[in-house]
1. Roughly how many Å is it from the Cα centre of segment 291-305 to that of segment 253-288, as a whole number?
2. Where a ≥ b ≥ c are the square roots of the eigenvalues of the C-alpha gyration tensor, would you call segment 311-403 rounded, which needs a/c under 1.5, or, failing that, prolate if a/b is larger than b/c, or oblate?
3. Mean projection of the alpha-carbon convex hull of segment 1-85 over all orientations, in nm²?
4. Roughly how far apart, in whole Å, are the Cα centres of segment 1-71 and segment 107-121?
5. Please list, in order along segment 308-315, the HN-Hα scalar couplings obtained from phi with the Karplus expression 6.51 cos²θ - 1.76 cosθ + 1.60 (θ = phi - 60°), rounded to whole Hz, x for Gly and Pro.
6. Got a number for carbon plus sulfur as a percent of segment 162-233's accessible area, 1.4 Å probe?
7. With N set to the residue count of segment 211-307, report its C-alpha Rg divided by 2.2 N^0.38 Å to two decimal places.
8. Enter the Cα centre distance for the pair segment 337-365 and segment 377-398, rounded to the nearest angstrom.
Amino acid sequence: MTTPPPTTDLSADEARRIALRAQGFLGTPDRRAGVRGVLRHLGAVQLDTISVLARSHELIPYARLGAVGRKTVESAYWTTTPLGASPARPHAFEYWSHAACILPIEEWPHFAFRRRAYRSRPHWNHQLPDGTYDQVIKQLRTEGPLTATELGGAKKTSEWWDWSGTKVAVERALMYGEVVCVERRGWKRVYDLAERAVPADLLHDELDDTECLRRLVRLAGQSLGVGTRADIADYHRLKGEQVDAVIADSGLVPVTVEGWGKPAWADPAALETPPRGRHRTTLLSPFDSLIWERARTERIFGFTHRLEAYVPKPKRVYGYFAMPVLAGGRLVGRVDPVREGSTLVARQVTLDGPKAVPAVAQALVEAASWVDCTDIRVERVDAPDLREPLAKEVTGVLATALR
């Protein structure tokens with residue numbers, strides 16, 4: 001692909017601030033729009049099974065809005081809005097985007113290209129017993145929304161990967177788009193027929209692949225503010241050549257960014273006004289879209305980020321669920337937290353020098369309050385001489401917060 005001449009030259013600092021604003025970390029958050037506004041703004045909120053402070057899809061709005069209630073978060077995703085005599089309209093659905101993600105219901109048409117690709121897929125890792133697929137569809141049509149357990153069982157054995165035929169069938173139907181998840185009960189997906197759950201004005205699969213990709217590339221660029229081809233492709237896990245085919249018609253504009261070394265594209269609206277406003281100080285989920293792509297995180301923040309939950313314990317460097325600390329528009333450290341009763345334990349803390357101590361203390365105290373912890377204990381700090389100053393700062397901030 002021949003990239004057109006850049007329209008704007010950005011410094012590395014300007015690009016960083018544009019990215020922060022686009023992701024909702026710079027400026028006053030739109031509290032009236034709340035969690036649903038965050039979801040629409042980001043376009044995708046990644047799901048994951050790990051729950052330390054909370055699950056990742058709860059941590060995403062918390063990081064931007066502050067201590068919004070956890071029940072409020074769940075309700076915002078899964079509670080439908082009645083439309084008079086019409087069926088209730090959902091706000092979100094689950095599908096494969098960057099990974100398994102919660103997506104705004106308005107994006108249902110944009111993933112028609114992926115649903116078509118799954119339908120034409122020649123083989124699957126799980127075997128599907130004859131007749132099971134049709135039986136699942138029939139049961140959902142007759143009985144209404146159901147979990148995999150209610151459909152007849154999610155697993156054959158206690159092994160997490162050992163899906164039952166029913167689970168294989170309903171997940172395949174989910175990928176095909178015949179079934180949709182617009183609600184969770186606890187951590188269980190609730191499956192329903194897409195024809196019943198997705199609003200009629202969105203249900204169609206009329207968009208061709210090119211239009212789906214063009215829209216997703218534009219939306220990814222808006223959510224990133226500015227990004228390379230690889231950044232934009234990664235947001236919804238598109239292929240580079242898919243991005244190349246549509247980016248010229250996406251509405252994004254080519255720019256150069258100091259030190260990036262590769263062509264970049266920006267949301268033109270993000271270039272109209274300089275990013276200004278208040279910076280959030282917060283712990284970040286490792287699955288937060290601000291930092292979920294390692295190469296981008298290193299390029300923008302000079303920060304190496306790696307989830308070590310699946311690394312053998314002796315080989316971990318930063319901890320099981322090390323959460324980067326954002327402050328002043330920079331990543332200033334990491335905290336590997338755990339809850340023990342009403343105590344938030346910072347099992348391992350990495351600090352970017354003494355100046356990071358106040359910010360990390362503030363982030364810990366706000367997080368503790370959010371998950372109803374009344375005490376904080378700091379265990380290991382990478383620079384041992386900073387452990388006592390951090391513990392003292394935490395005590396002071398906590399005392400102020402409890403007044």
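The values are calculated or read from the model by the stated rules, or taken from the named source; none is laboratory data. Note that this is a predicted model, so its numbers are computed, not measured. Positions of Cβ are generated from backbone atoms using ideal geometry, with glycine treated the same way; all protein chains shown enter the neighbour counts. Keep in mind that these areas ignore ligands, DNA and RNA; they rest on the heavy atoms of the full protein, side chains included. Shrake-Rupley method; radii C 1.70, N 1.55, O 1.52, S 1.80 Å.
1. If we compute the Cα centre of each part, the gap is 12 Å.
2. Details: a/c = 1.64, a/b = 1.22, b/c = 1.34.
It is oblate, given that a/c is not under 1.5 and a/b is not larger than b/c.
3. On the way: hull surface 40.3 nm².
Dividing the Cα hull surface by four gives the mean projection, 10.1 nm².
4. 25 Å
5. 10, 4, 9, 9, x, 3, x, 9
6. Ligands and nucleic acids excluded, carbon and sulfur give 48 percent.
7. 1.09
8. 7 Å
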